[in-house]
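Working notes, structure below.
Taken together, the values in this text are just the output of simple stated rules run on the coordinates, not laboratory data. Predicted model, so just to flag it, every value in this text is computed and none were measured. Here the Cβ is made from the backbone with ideal geometry for all residues, glycine too, and neighbour counts use every protein chain on show.
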Amino acid sequence: MSWIDEIEAGDADGKLSEMYAELVKKRGKISNILKVHSLNPEAMGNHLDLYMTIMFGRSGLSRAEREAIAVVVSATNECAYCVNHHAEALKRYIKDGDTLEMLTSADGLETLEPRLSNIVRHAEKLTSAPSAMTESDLGELRAVGLSDRDILDLTLIVAYFNFVNRIAMGLGVAYSAEELSGYRDE
């Protein structure tokens, strides 16, 4: 559901129909953020490939850290779609309500445990003030154990969620309670 035309699964044919079927098979449903790409299936496929690589691929960042980055970037951008979507996933890894509230509001991040705090504060700064980034920012990440590969992965996740937030907000992608729950492979 968005402000532009979308092709529903029952109306899809060819490559789009195959992609929808694969999404339902692997993930249990088709998210609205992917459905908004239905007029350009090639872009949808590339988008999904990048998402799966950075969020589920091999990395020194844990799944919880990756979801926390997604939530903080999205909260910083005030993207309700992505905050809600990824807060649901984050609840699988973080059970503390105060920590979840800090991440979903992008507030109080400096009080989190040091590694997570440095990761999400870096994500917030790169999102809100990218021109203020300096090489010394990377030293803070290295000090809590991140390798250069981890820093690259962090940067890719931040960039990806800034990209996706703008798709969601720019095209009016909406979420529902049904969409937020029950995904496979999250």
Legend entry - For the chain, built as a Gaussian network whose Cα springs stay under 10 Å, the top-fluctuating residue of Met133, Met102, Met44: Met133
Inset, instruction - Grab every C-alpha pair in the chain, bin the distances at 5 angstrom width from 0 up to the longest one, and report whole percents. - result: 1, 8, 16, 20, 20, 14, 9, 6, 3, 1, 0
Legend entry - Angle between the chain longest axis and helix 80-90 axis [Cα atoms, degrees, rounded to 10]: 70
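Quick one: dipole size for the range 1-71, taken about the Cα centre, charges +1 on Lys/Arg Cβ and -1 on Asp/Glu Cβ, in debye to the nearest 20. It would help to have the intermediate numbers written out before the result.
Working: 9 positive and 11 negative charges, 96 e Å.
Taking the Cα centre of the range 1-71 as origin, the dipole is about 460 debye.
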Legend entry - MRE, 222 nm, helices only [DSSP H, n ≥ 4, -39500 (n - 2.57), over the chain, to nearest 500]: -20000 deg cm²/dmol
Inset, instruction - Would you look at the GNM of the chain, springs on alpha carbons closer than 10 Å, and say which of Ala132, Ala106, Ala87 moves the most? - result: Ala132
Inset, instruction - Go through 88-96, 147-155 and give me the packing order, highest mean Cβ count within 10 Å leading. - result: 147-155, 88-96
